[in-house]
There are 2 protein chains.
Amino acid sequence: MPTWSTFDMQMMTRAMQLAERGRYTTRPNPCVGCVITKGNTIITEDYHKVAGQGHAEANALNTLKQQQVSAQGATAYVTLEPCSHYGRTPPCAEALINAKVARVVVAVLDPNPQVAGRGINMLEQAGIRVDVGLFEAQAYAINRSFMKRMKTSLPWVTVKVATSLDGKTALSNGVSKWITGPKARQDVQRLRAQHCALITGVNTVTMDDPSLNVRYDELGSLKNSLHETQIHQPLRVVLDTHASLTAEYRLFAIDSPILLVTTKPYPELVKSQLPSHVSVFKADLDDKGRINLQQVLVHLGESCNSVFVEAGATLSGSFVAQKLVDELVIYQAPKILGSQGRNMLNLPDYLQMDQLPVGEVVEQTRVGQDTKIVLRMTGNEQTN
Amino acid sequence: MPTWSTFDMQMMTRAMQLAERGRYTTRPNPCVGCVITKGNTIITEDYHKVAGQGHAEANALNTLKQQQVSAQGATAYVTLEPCSHYGRTPPCAEALINAKVARVVVAVLDPNPQVAGRGINMLEQAGIRVDVGLFEAQAYAINRSFMKRMKTSLPWVTVKVATSLDGKTALSNGVSKWITGPKARQDVQRLRAQHCALITGVNTVTMDDPSLNVRYDELGSLKNSLHETQIHQPLRVVLDTHASLTAEYRLFAIDSPILLVTTKPYPELVKSQLPSHVSVFKADLDDKGRINLQQVLVHLGESCNSVFVEAGATLSGSFVAQKLVDELVIYQAPKILGSQGRNMLNLPDYLQMDQLPVGEVVEQTRVGQDTKIVLRMTGNEQTN
């Protein structure tokens, strides 16, 4: 492990700040930031903005080119290993070599099988000094969804629930508007905007008739840094075991991709009425006669880094019980709904403490009147 | 309302700090602090330590007397109106008059019917300038239990529950050790030590066989400021509707007062076996065939400022549902016990949001691994 100078740490911190700017826009690509220095001065910096467009290193070097400034002998700080393959853009390792930088500092290796150390090798073979591992954990965390998917082919799974202090989401008769306050609902909108896909169950659709889209007006302070046109709508996924949905629901009216997951074919009439932004994925049943969630995640993992589960207690509970969840986000309102109210997660009847789903609180913050508790689930079957 | 100088505010803040020192020891008396100044100097200060011993003002003046320092022309800052009646000690108003102080600053009036403005009157009639209301709300809060009891004849009621993030206290089979961590359990010990009485139900006694005492070793940092001999054991109250308890339980072995509340006489054999520190109160049934909780509180209010309910979901739930609770203290562990687990409070089947018990979060702090949430119940029938 190299010894890092204070300057190295400052520059990589800056590169990570730049990377973070892509949080809502780069998917399914990772967020990457790049800072290039000469002596004690930043000569250029940039980040990856949108998949298919320039990578962080390429963007930073392009600015230099336009200004006719040479990067020869410079140091490049990048939050993720530079890519080594021709994708929609040429490899960044090659661009750094051509720019004749003297040293590249990399926070974390890219687990993408198309990169995975090859970017480092290319640079080293060109005689460039490469130092890897500065703020590795922090840089990994910025792209934890991408990292998980590259390693396991499964997307990062976040389950959201809105509950009372006594763990209830509604009264026994279903009355629930509004348990949590407007600030918490804004925060949910931001989480929706961060995730590649949103999963719900057919019952939520038929009972609440939600649109399940990101509503720009409800993004709060995020609007200051993100233009409406930059928002990615998540793929809306509805688990509809018995193909019982019809085209009348509100979510279909919004022209943005929808995936219906079912185990049966939809009636021809329904199919003919569904708009063209709707596709169907046929899944198998699990041993409980429900849609096989693992299979759904594998399918979504082909294109999605992260999925956001906003569903009822049964579907959300199944994700938790099957240990498919990376983070459980609880918005807890300062209310008591009573023991007859509806539970937040329908879970099996555990008989011993060591059977329980376990997690670690990684965030606990006040969001308006409510408390947001993020539980990082630690007993998952998949490594991530 | 007088205009307070910065010095006035500093001195009353100091007096309140002194008052707080009596938090664990003065009951059923209020906590009171007194600071006496001449010019810009504190010439004496003290607080009320133990019921039956010197009041704050008397203690402070006694020190002056011993030092042969005159209080003539001084200003006295007291957190509670000086008493005007002969109790176990002579009236403090008289002591201040005799000491010839020129001004008395009082934070809050004493609602005790034996005082209630008369202390102020005595002082004013002796030609002393009296200014009332500096930090009134804060001074009221220090003695909120005493204040409630003086106004309503009912003790302050705190209900404690230890739950998971999903509002459960145990698995369906009752397994619950330990939901919360050692720091939370220490905090419960400190709450026990603050309250005059502790209420539990017969089921908790027969199932868990608790001692229900304050254990000095478990008081944590409180041990630094409080000697073991200063701890008051709360009156242990067991609600035993059908007089079914027998003398074999652990709580009887500890020689400290116990009150058994029942609706039936105990069998003679049991009575003969119960130790002498046990007394019995006969209560009526309410319309649901349970012990009338209001009646129990009225009885306890004859001598107790505050009661601490550490009971199962049924008894604790009854206190909440009957709107008898001032504060609900929730120790929330970062765990998920599952929907089949036991609920924290058994409450009625509410059908509308406006029927729910309501409160305001006045404290939310990390206690070891757990979160302590204090909900000040605002919909109580009694004013307090």
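The values are calculated or read from the model by the stated rules, or taken from the named source; none is laboratory data. Since the structure is predicted, the reported quantities are computational estimates derived from the model, not experimental observations. Here Cβ is always computed from backbone atoms with ideal geometry, including for glycine, and neighbour counts include all displayed protein chains.
Taking region A:95-210 and the strands (runs of 3 or more DSSP E) fully enclosed by it, the elements with 3 or more residues that are within 14 Å of another protein chain (Cβ to nearest Cβ) and in contact with a helix residue (DSSP H, G or I) (Cβ under 8 Å, 6 or more places away or on another chain) are at A:156-163. Which one of these is within 24 Å of the chain's Cα centre (by Cα) and aliphatic (A, V, I, L, M): B:64, B:96, B:80? Only one candidate qualifies: B:80. The set of residues in region B:73-91 that are buried (at least 17 other Cβ atoms within 10 Å of the Cβ) and within 19 Å of residue B:11 (Cα to Cα) comprises B:74, B:75, B:76, B:77, B:78, B:79, B:80, B:81, B:82. Residue-level check: of (1) out of contact with any helix residue (DSSP H, G or I) (no Cβ under 8 Å at 6 or more places or on another chain); (2) without any contact (Cβ under 8 Å) to a residue 12 or more places away in the chain; (3) among the charged types (D, E, K, R), residue B:264 misses just (2). As for region A:9-17, it holds no residue that is surrounded by fewer than 23 Cβ atoms within 10 Å (Cβ to Cβ) and modelled with pLDDT under 95. Out of B:294, B:233, one residue alone is closer than 30 Å to residue B:150 by Cβ, assigned by the TED database to the domain that holds residue B:168 and in a loop (DSSP other than H, G, I, E, B). It is B:233. Number of residues in region B:281-291 that are crowded, with 16+ Cβ neighbours inside 10 Å and in a strand (DSSP E or B) equals 1. The selection criterion, being part of a helix (DSSP H, G or I), modelled with pLDDT under 95 and more than 24 Å from residue A:329 (Cα to Cα), holds for residue A:271.
Please determine, by comparing only the residues of region B:10-59 that are in contact (Cβ under 8 Å) with a residue 24 or more places away in the chain, of a type in the set (Gly, Ala, Ser) and part of a loop (DSSP other than H, G, I, E, B), which one is nearest to residue B:141 (Cα to Cα). Among those that are in contact (Cβ under 8 Å) with a residue 24 or more places away in the chain, of a type in the set (Gly, Ala, Ser) and part of a loop (DSSP other than H, G, I, E, B), it is B:22. When restricted to residues that are assigned to a strand (DSSP E or B) and crowded, with 18+ Cβ neighbours inside 10 Å, region B:316-360 contains 9. Residues that are more than 9 Å from chain B (Cβ to nearest Cβ), of a type in the set (Val, Ile, Thr) and touching a helix residue (DSSP H, G or I) at 6+ places or on another chain (Cβ under 9 Å) within region A:332-378 comprise just one, A:367. If a residue has to be assigned to a helix (DSSP H, G or I) and either modelled with pLDDT of 95 or more or in contact with a strand residue (DSSP E or B) (Cβ under 8 Å, 6 or more places away or on another chain) (or both) to count, how many in region B:211-230 make the cut? Adding up the residues that qualify gives 0.
Here region A:177-198 is the region considered, the condition is being crowded, with 19+ Cβ neighbours inside 10 Å and small (Gly, Ala, Ser), and the residue that is nearest to residue A:219 (Cα to Cα) is A:193.
Scanning region B:240-268 for residues that are within 21 Å of residue B:208 (Cβ to Cβ), charged (D, E, K, R) and part of a loop (DSSP other than H, G, I, E, B) turns up B:240, B:248, B:255. Quick check on my filter: what residues within region B:119-174 are free of Cβ contacts under 8 Å to residues at least 40 places away in the same chain and either among the small types (Gly, Ala, Ser) or under 30 Å from residue A:358 (Cβ atoms) (or both)? Within region B:119-174, B:119, B:126, B:127, B:137, B:141, B:173 qualify. Residue A:308 falls short on exactly one of the conditions (1) away from chain B (no Cβ under 14 Å); (2) touching a Pro at 6+ places or on another chain (Cβ under 6 Å), and that condition is (2).
Cβ-Cβ distances below 9 Å connect the following pairs, each with a first residue in region A:100-111 that is in the same structural domain as residue A:64 (by the TED database), a second residue that is of a type in the set (Ser, Thr, Tyr) and crowded, with 24+ Cβ neighbours inside 10 Å, and a separation of six or more residues or different chains: A:104/A:77; A:105/A:77; A:106/A:77; A:106/A:79; A:107/A:77; A:107/A:79; A:108/A:79.
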